[in-house]
Amino acid sequence: MHPYKRSQRLSILLREEIAGIIMRRVKDPRLGFVTVTDVELSQDLKIARVFVSVLKAEDRDITLEILNSAKGLIRSEVSKRVRVKFIPTIEFRADASVERGDKIDRLLKEIKKEGVSGE
């Protein structure tokens, strides 16, 4: 028995494969540095929400547009590499967790400064 649910194992595999496909097969000069941070699968494994992080925040919208226009190519490449009964429909979304982490880090540093100077 595997320690993870099937959906978790499949989401890890999809994250790795989709990242490789974006890096090697999506040829758009406007596409900058993209990191696939997570893949969330629906309970029935029919929809895969792919979360991506973009190096430059101002390029986020164009990157999502490029990836969503290439999702047919990406899905067909995934079907060649991953052996499952049904290849999920892919939806690309921006991952805001990195920005939230930076904000929390800045707030903690401010609190630490105030604690040292307020003594």
Each label sits 7 Å from Cα toward the beta-carbon; between MET23 and ILE62 the label points are separated, in nm, by 2.3 nm
Please give, to one decimal in nm, the separation of the simple spin-label points placed at SER7 and LYS80, each 7 Å out from Cα toward the Cβ. 3.0 nm
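What number comes out for the charge environment of ASP105, summing +1 per Lys or Arg and -1 per Asp or Glu over other residues with Cβ under 14 Å away? Can you show the working numbers first?
Values: positive: ARG100, LYS103, ARG106, LYS109, LYS112, LYS113; negative: GLU99, ASP102, GLU110.
Local net charge: +3.
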Toy charge model, Lys and Arg Cβ at +1, Asp and Glu Cβ at -1: segment 1-98 dipole around Cα centroid in debye, rounded to 20, equals 540 debye
Candidates (i) 33; (ii) 47; (iii) 20; which is the computed percent of Cα pairs over 26 Å apart? (i)
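Quick one: which of LYS46/LYS71; LYS46/LYS103; LYS5/LYS85; LYS27/LYS103; LYS56/LYS103 span more than 22 angstrom between C-alpha atoms?
Working: LYS46/LYS71 15 Å; LYS46/LYS103 34 Å; LYS5/LYS85 17 Å; LYS27/LYS103 33 Å; LYS56/LYS103 16 Å.
Violating the 22 Å Cα-Cα cut-off are LYS46/LYS103; LYS27/LYS103.
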Let me have the relative contact order for the chain, percent, based on Cα pairs under 8 Å that are six or more residues apart. 25 percent
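Which net charge results for the neighbourhood of ALA94, defined as the other residues with beta-carbon distances under 14 angstrom from its beta-carbon, given Lys and Arg at +1 and Asp and Glu at -1?
Values: positive: ARG49, LYS56, ARG60, ARG93, ARG100; negative: ASP38, GLU40, GLU58, ASP59, ASP61, GLU65, GLU91, ASP95, GLU99.
Around ALA94, the charge tally is -4.
Throughout, read-outs are computed from the coordinates displayed, never taken from laboratory work. Because the structure is predicted, anything quoted here is derived from the model rather than measured. Reconstructed Cβ throughout: ideal geometry from the backbone, glycine too, with neighbour counts over all protein chains shown.
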